[in-house]
Amino acid sequence: MANHKSAKKRSRQTIRKTQVNRTLLSKIRTTFNQFHNNIEEKNLEAAIESQKLYNSVISKAVKRRIIKKNNASRKLSSLSNKIKEIV
């Protein structure tokens, strides 16, 4: 347990930031699952819309440094290739 005033404050900040990061990571997983379901159903229009949403969520995560830029780039490239397969 933190003993100093500054350590207690850092502990509180970490708890808050962890909660924000968790919600964003959860949103990333949710939008990916929606995209994956649309791909399995071969619903092209819905897949493209969910890809746009996923792109937005991933970009926000990169901006907040929750995931790395190359990781995001790799994921988005993978989704683009999946859309090309069903076209």
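The values are calculated or read from the model by the stated rules, or taken from the named source; none is laboratory data. The structure presented is a predicted model; accordingly, all values stated were derived computationally and were not measured. Positions of Cβ are generated from backbone atoms using ideal geometry, with glycine treated the same way; all protein chains shown enter the neighbour counts. Ligands, DNA and RNA are stripped out before the accessible areas are found, and what is left, the full protein with its side chains, is counted by its heavy atoms. Shrake-Rupley method; radii C 1.70, N 1.55, O 1.52, S 1.80 Å.
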(request) Select one label from (i) 14, 28, 35, 19, 5, 0; (ii) 17, 38, 23, 12, 8, 3; (iii) 18, 56, 24, 3: the one whose number is P(r) over Cα pairs in 10 Å bins from 0, in percent as derived from the coordinates shown. (result) (ii)
(message) Loop only by DSSP, 15 or fewer other Cβ within 10 Å of the Cβ. Give me the GluC sites (Glu not before Pro) in the stretch 1-66 that pass, ordered by residue number.
(response) E41
(message) Under 24 Å between alpha carbons, and skipping anything fewer than 8 positions from K60 in its own chain: which lysines qualify?
(response) K17, K27, K52, K68, K69, K75, K82
(message) I'd like to check one number: the per residue accessible area of the stretch 1-68, probe 1.4 Å, reported in Å² as a whole number.
(response) 80
(request) Could you tell me which of N37, A61, A47 has its Cα farthest along the dipole of the chain towards the positive end, charges placed at Cβ (Lys, Arg +1; Asp, Glu -1), taken about the Cα centre? (result) A61
(request) Determine, for each peptide in 56-62, 68-74, the mean count of other beta carbons within 10 angstrom over its residues, then list the peptides with the highest first. (result) 56-62, 68-74
(message) Taking 0.36 nm per residue of sequence separation and subtracting the Cα-Cα distance, how much length would be gained by fully extending the chain between K9 and N70, in nm to one decimal?
(response) 18.7 nm
